[in-house]
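Take a look at the structure below.
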There are 2 protein chains.
Amino acid sequence: MALSIEEKFDLIMRNTQEVITVPELKKLLETKEKPAVYIGTAVTGRPHVGYFVWGIKLGDFLKAGFKVKVLLADLHGALDNTPWPLLEKRYEYYSLVIRGMLKGIGADLSNFEIVKGSDFQLKKEYVLDLLKLSTFTSINDAKRAASDVVKFGDNPKLSGLIYPLMQALDEVYLNVDVQYGGLDQRKILVFARENLPMVGHKPRVEFMTPLIPSLTASGKMSSSDPNSKIDLIDGVEEIKKKLNKAFCPEKETTENGVLAFMKYVVMVRKQDTKKEFVVERPAKFGGNVSYKSYEELEKDYSEGKLHPMDLKTALAKEIDSMLEPIRKEFKGKEKLIQEAYPQK
Amino acid sequence: MALSIEEKFDLIMRNTQEVITVPELKKLLETKEKPAVYIGTAVTGRPHVGYFVWGIKLGDFLKAGFKVKVLLADLHGALDNTPWPLLEKRYEYYSLVIRGMLKGIGADLSNFEIVKGSDFQLKKEYVLDLLKLSTFTSINDAKRAASDVVKFGDNPKLSGLIYPLMQALDEVYLNVDVQYGGLDQRKILVFARENLPMVGHKPRVEFMTPLIPSLTASGKMSSSDPNSKIDLIDGVEEIKKKLNKAFCPEKETTENGVLAFMKYVVMVRKQDTKKEFVVERPAKFGGNVSYKSYEELEKDYSEGKLHPMDLKTALAKEIDSMLEPIRKEFKGKEKLIQEAYPQK
């Protein structure tokens, strides 16, 4: 049951924030049987359930007939403060949990590939292009491009300026038609588009999904506490504990990380698998209720017919089942987490 | 007639401005039969007679038993504004004239080698070290290190910040014990010394000769006009013409580019070859006079016994004979100069 070009387009575009440019994306779908897309993630902190937002979108790309590559950018991790000696173990860890995540989504992985940054970013042609690009890029432009992504700190390092140039070149050397990233990547994606032609490469389609509030943010204005995030290898008790602390005000549907996760992850999966999201409640609280779409759920929530605690309880079960394939993947490799993230 | 360690040391140290550190240099001479030294020159503008200052010093190193490498830094040329398409031709041109220059000095070239930057600077290990170094180097430190060497201009490019890091790593990958440069290189040399240990490499001895006033500067405060410089392939008429315009005030021995060239180049060669510098004059102007050492010449000059015009005439002949081997090397390859430096 091959999808039509329109169906492919609609699938890719759902929950999408911005595409540079939409006409180019359409033309790509019309002219190329199997286009290629990549998303890169620098190996830095521990992957958390927020990764499912792009995992789900990669599922859309796969269904739309794309070749999908996840770049595990080990060198970018180091350029953004991951200690060099931990790089390899973090790469191994990312590789494991991200593969598990995509399995968990139920994606057909025959057109999926994980690529390690240092496997191609140290090649002669790549480095020559990097140096070339550096002669056309002002220090200011490099800094601006990196500003939403790199943690520069008080004494910004040169590595942070090299970061966006390498990300631009990754599009070329991964041989993709589309780069996909969260909206925080926008400046780098635009940099890539504007500057690749300076070194003789064609610009690619830049594709962005929105940034959503953290699932487990403890309050609107609070900076995200890394320890509060639901880890991809957390067990059900940790999931419950962390979700319980999540900021999820009654009836409030914007700036609500729990609802956002429902919208961008859980309900997308439910719809795609033609299942319903079931909230189990004692009869005295209204009894069980189930939802076919996010819109139905949001409506009930905004009207106070669905209580945050009931939603959280149901979501915890959902996340637990999503993480099961990852924990399975991780079985027998528990030492890796200590090696990649040694306790101080 | 092998030199003693003291003789080697004295030879290397003549006309030298600064060594970081002298005890390390002494220890090197004491412990290593054939130490290695390199000087790098980015392939940018046309090499001129000022290059003889370091050419002469390389001769000293060769006589002192060093392995001597000249790095023709093509990539550094591009990082400092040489257009990428001209890089290869400029490299060829530099290679030709610099080899000719060292032949002209009469150096024994059996321990001499020209190395092309891009032949090793794009190798995996080098690039990995470059990225590592960039994570330890602040943007400010990189900019400071490069400030006396790179032409940053109004809109500084990222390439100029990468420049000093690569120069530091060149010491390692050229496998040398000493880096030699003009005093303008000081900040980069100190950067290398301080930062190589951050990426696991030992610091090298940094060796500097003074910056001397341009031979053909047209006045004390004037910025040097590139067209006024004596080119390594100039003929005798051009040499005379350019020397005639050189700023060389009577009796004035400091800030005098003509005298500086006599001191650092011509009289060193004369002493080494046990020849005299002969100034031919009509009898009415005092007749011929000849000098065994720079000190003798400077004394006469400061006392008005040697007139600038007579000095210039004699120097023109001297330079003409120094350039003869270079012109010979260049014979039949005249097209190269147009390809490397196309007229606008």
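No lab work stands behind these numbers, since they all come straight from the coordinates. Just so we're clear, the structure is a prediction, and the values are computed from it rather than from any experiment. Because the Cβ atoms are built from the backbone with ideal geometry, glycine has one as well, and the counts that use them run over all protein chains shown.
Of the residues A:Asp119, A:Asp60, A:Asp234, the one that moves most in a GNM of chain A with alpha-carbon contacts below 10 Å is A:Asp119.
Counting only Cα atoms, the range B:243-312 measures 29, 29, 21 Å along its principal axes, largest extent leading.
Rounded, prolate or oblate: which fits the range B:1-62 when a ≥ b ≥ c are the square roots of the eigenvalues of the alpha-carbon gyration tensor, with rounded for a/c under 1.5 and prolate only if a/b beats b/c? Taking the square roots of the gyration eigenvalues as a ≥ b ≥ c, the range B:1-62 is prolate.
Only Cα pairs within less than 10 Å get springs; with that Gaussian network setup on chain B, which residue of B:Leu86, B:Leu306, B:Leu122 has the largest fluctuation? Ranking B:Leu86, B:Leu306, B:Leu122 by mean-square fluctuation puts B:Leu122 first.
Quick one: compute the contact order of the range A:87-199, relative version, from alpha carbon pairs under 8 angstrom and 6+ residues apart, as a percent.
26 percent
Taking a ≥ b ≥ c as the square roots of the Cα gyration tensor eigenvalues, with a/c under 1.5 meaning rounded and otherwise prolate when a/b beats b/c, else oblate, which class fits the range A:129-246? Cα axes put the range A:129-246 in the prolate bin.
Taking a quarter of the surface of the Cα convex hull of the range A:54-125, what do you get in nm²? Let's see the in-between values first.
Numbers: hull surface 22.2 nm².
Value for the range A:54-125: 5.6 nm².
Applying 1/(1 + (r/R0)^6) with R0 = 45 Å to the Cβ-Cβ distance of A:Thr273 and A:Lys151 gives a FRET efficiency near 0.75. Structure note, pairs B:Lys57/B:Lys143; A:Lys151/A:Lys240; B:Lys34/B:Lys317: Cα-Cα distances above 32 angstrom occur for B:Lys34/B:Lys317. Semi-axes of the equivalent ellipsoid for the protein assembly as shown, computed as √(5λ) from the eigenvalues of its C-alpha gyration tensor and ordered from largest down, come to 68, 25, 20 Å. Each of A:Glu206, A:Glu250, B:Glu298, B:Glu33 has some number of other Cβ atoms within 10 Å of its Cβ, and from fewest to most they run B:Glu33, A:Glu250, B:Glu298, A:Glu206.
Taking amide H as placed 1.01 Å from N in the peptide plane, the amide H of A:Glu18 sits under 5 Å from that of A:Met208, each at least 5 places away or on another chain. For the range A:5-209, a/c is not less than 1.5, where a ≥ b ≥ c are the root eigenvalues of the C-alpha gyration tensor, and a/b does not top b/c. That puts it in the oblate class.
Using a Förster distance of 41 Å, how high is the FRET efficiency between B:Val236 and A:Lys202, based on the Cβ-Cβ distance and rounded to 0.05?
So, using R0 = 41 Å, E works out to roughly 0.15.
Comparing A:Ser95, A:Ser147, A:Ser138 in a Gaussian network model of chain A, where Cα atoms under 10 Å apart are tied by springs, the biggest mean-square fluctuation is seen for A:Ser138.
When the range A:226-340 is described by a simple charge dipole with +1 on each Lys and Arg Cβ and -1 on each Asp and Glu Cβ, the residue from A:His307, A:Cys248, A:Val279 located farthest towards its positive end is A:Val279. As a rough footprinting exposure proxy, the listed residues B:Ile162, B:Ile319 were ranked by other beta carbons within 10 Å of their own, and the order from fewest upward is B:Ile319, B:Ile162.
With the convex hull drawn around the C-alpha atoms of chain B, the volume per residue stands at 147 Å³. Membrane-span-like helices of chain B, defined as complete DSSP H segments with a Cα extent of 15 Å or more along the helix axis and a mean Kyte hydropathy of at least 0.5, are identified as B:51-63, B:159-173.
For the range B:267-281, backbone phi angles converted through the Karplus equation (6.51, -1.76, 1.60; θ = phi - 60°) give residue-by-residue couplings of 6, 5, 4, 4, 4, 5, 9, 6, 10, 10, 8, 9, 9, 8, 9 Hz, Gly and Pro being listed as x. Remark: for residue pairs A:Lys69/A:Lys132; A:Lys103/A:Lys328; A:Lys8/A:Lys270, the C-alpha separation exceeds 21 Å in A:Lys69/A:Lys132.
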